[in-house]
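The structure appears right after this line, and notes come after that.
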Amino acid sequence: MAKKRALVTGITGQDGSYLAELLLAKDYEVFGLVRRTSTVNFERIRHIQDQITLISGDMLDQTSMTRALSDIRPQEVYNLAAQSFVQTSWTQPVFTGDVTGLGVTRLLDAIRAVDPTIRFYQASSSEMFGKVQEVPQTESTPLYPRSPYGVAKVYGHWITINYRESYNMHCTSGILFNHESPRRGLEFVTRKVTHTVAQIKLGLAQELRIGNLDAQRDWGFAGDYVQAMWLMLQQDTPDDFVIATGTTQSVQRLLEVAFGHVDLDWNKYTVQDERFMRPAEVDLLVGDPTKAGQKLGWKPAVTFEQLIQMMVESDLKLLKAEHGK
Ligand code: NAP
Ligand code: G4F
């Protein structure tokens, strides 16, 4: 039997790399849409690069998507591409709206034109809940985004539902809460903390400059969350699903666990810095993954403490290799 084909946008990102590994393990032919950059940034997929096919394309360029879909003829498309850093969305609001919001419509419309039977996954975000209207947040919690990124994701979420309802397409939206890993970008708070903690432990840095310590997030492991993405596209009926751990931790708790893992006192090394405060904050995110548990049989395996310890260990290893320690 011919292998199933999947196209992943954002394959060079954190989730794209874990999802590509999962799909390969499930014997898919995996294709990734990658944008042109002046330097190659394939670090996260280098270990599987000979097993996947990369296609040139951009979320700003619908022609490139139509061409990719016509050439590949995938059965499944996972849209993970986005300008995904919330802080940057205040300095680049129009660009964020174009890539993270309108980009979804470009891709959906390319699918509609090439093959409307393709199953589509949209990477929606808990950031859409923003100023939360209820705790915990479920699939039916009203949305109240608090950043240009959150607003763009609301657009992407609703256009996914709209294509499902207008054209009867298999369009599914995963509302994923924060998920992290050793492959997380260095600008996000978990990785910034674990990387700096490892630097301090090895004598390569003296302090950690940080923003709001009171913000609370529902943090899970990216490796667990990509399994939910795949499970969603195996359902007969497209739907929306919240993917979360159901527990929440503060940024201060993150510091305690990360510094504590290497026997350091976070208080001695941490400096609050206005530059990392946001014009509008999302104070408390905690998701209710009951529906995903019941319908997908999904549940997270890695705890918050295990996740942060895994990330600190990985950063220690990385830095020791880089600095010959
Ligand atoms: P990430 O590491 O920032 O990866 C983003 C990916 O999008 C990268 O591969 C990037 O390519 C690609 N991309 C950006 N602009 C593009 C463009 N114009 N055309 C084509 N590709 C473009 O993000 P992530 O953490 O893996 O998240 C994956 C998706 O889930 C994103 O949509 C994010 O918004 C969403 N999400 C993430 C979380 C989370 O906690 N991680 C939670 C909810 C939702 P380059 O390598 O070239 O930059
Ligand atoms: O790690 P963060 O930058 O992630 P944020 O804003 O929650 O967004 C991530 O998760 C979303 C899901 O809800 C995704 F959709 C999105 O793409 C991205 O993956 O910040 C987390 C919290 C914020 O409240 C921020 O104010 O940490 C607080 N924080 C405190 N000090 C900091 C810092 N965040 C960063 N990045 N850097 C700091 O120094």
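Summary of values
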item: From the options L255, L284, L296, L233, residue that is more than 21 Å from the chain's Cα centre (by Cα) and either surrounded by 14 or more Cβ atoms within 10 Å (Cβ to Cβ) or under 20 Å from S181 (Cβ atoms) (or both); result: L255
item: Pairs, first of a type in the set (G, A, S) in the stretch 294-321, second modelled with pLDDT of 95 or more and surrounded by 15 or more Cβ atoms within 10 Å (Cβ to Cβ), C-beta under 8 Å, six or more apart; result: G297/L231; A301/F221; A301/D224; S314/P182; S314/T194
item: Some residue of the stretch 118-140 being more than 22 Å from F177 (Cβ to Cβ) and more than 14 Å from ligand 2 (Cβ to nearest atom); result: yes
item: Test: residue in the stretch 87-102 that is out of contact with any Lys or Arg (no Cβ under 9 Å at 6 or more places or on another chain), open to solvent by 20 Å² or more (accessible area, probe 1.4 Å) and either over 18 Å from R35 (Cβ atoms) or more than 16 Å from ligand 1 (Cβ to nearest atom) (or both); result: yes
item: Among residues of the stretch 176-191, those that are part of a helix (DSSP H, G or I) and near ligand 2 (Cβ under 7 Å from one of its atoms), counted; result: 2
item: All positions within the stretch 277-318 that are closer than 30 Å to P238 by Cα, assigned to a loop (DSSP other than H, G, I, E, B) and not aliphatic (A, V, I, L, M); result: D288, P289, G297, W298, K299, P300, T303
item: First in the stretch 119-137 and open to solvent by less than 10 Å² (accessible area, probe 1.4 Å), second anywhere and among the aromatic types (F, W, Y), Cβ under 8 Å, 6 or more apart; result: F120/Y163; Y121/Y78; S126/F177; F129/Y144; G130/Y144; Q137/F129
item: Residue satisfying condition, being of a type in the set (K, R) and assigned to a helix (DSSP H, G or I), within set R112, R146; result: R112
item: Options T39, T63: the member that is open to solvent by 60 Å² or more (accessible area, probe 1.4 Å), part of a helix (DSSP H, G or I) and not acidic (D, E); result: T63
item: Test result for Q49, more than 16 Å from the chain's Cα centre (by Cα) and either more than 8 Å from ligand 1 (Cβ to nearest atom) or within 22 Å of P182 (Cα to Cα) (or both); result: yes
item: Residues located in the stretch 145-156, provided they are in contact (Cβ under 8 Å) with a residue 60 or more places away in the chain and open to solvent by 10 Å² or more (accessible area, probe 1.4 Å); result: R146, Y149
item: Verdict on T53 being out of contact with any Asp or Glu (no Cβ under 9 Å at 6 or more places or on another chain), away from ligand 2 (no atom under 14 Å from the Cβ) and either without any contact (Cβ under 8 Å) to a residue 40 or more places away in the chain or not in a helix (DSSP H, G or I) (or both); result: no
item: Wholly within the stretch 192-276, helices (runs of 4 or more DSSP H) carrying at least 1 residues that are under 30 Å from V77 (Cα atoms); result: 222-233
item: Residue within the stretch 134-153 that is farther than 19 Å from A228 by Cα, touching a strand residue (DSSP E or B) at 6+ places or on another chain (Cβ under 9 Å), within 15 Å of ligand 1 (Cβ to nearest atom) and among the aliphatic types (A, V, I, L, M) present; result: no
item: Number of the exception - Y163 against (1) open to solvent by 30 Å² or more (accessible area, probe 1.4 Å); (2) more than 13 Å from the chain's Cα centre (by Cα); result: (1)
item: Residue match in the stretch 60-75 (condition: within 25 Å of A228 (Cβ to Cβ), within 9 Å of ligand 1 (Cβ to nearest atom) and hydrophobic (A, V, I, L, M, F, W, C)); result: no
item: Residue in the stretch 79-86 that is among the aromatic types (F, W, Y), over 18 Å from I11 (Cα atoms), within 12 Å of ligand 1 (Cβ to nearest atom) and open to solvent by less than 50 Å² (accessible area, probe 1.4 Å) present; result: no
item: Lone unmet requirement of (1) open to solvent by 10 Å² or more (accessible area, probe 1.4 Å); (2) part of a helix (DSSP H, G or I) for S140; result: (2)
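The values are calculated or read from the model by the stated rules, or taken from the named source; none is laboratory data. Here the structure is a predicted model, which means the values were calculated and not measured. Note that we place each Cβ from the backbone using ideal geometry, even for glycine, and neighbour counts take in every protein chain shown. For accessibility, only protein heavy atoms count, side chains too; no ligands or nucleic acids. Shrake-Rupley method; radii C 1.70, N 1.55, O 1.52, S 1.80 Å.
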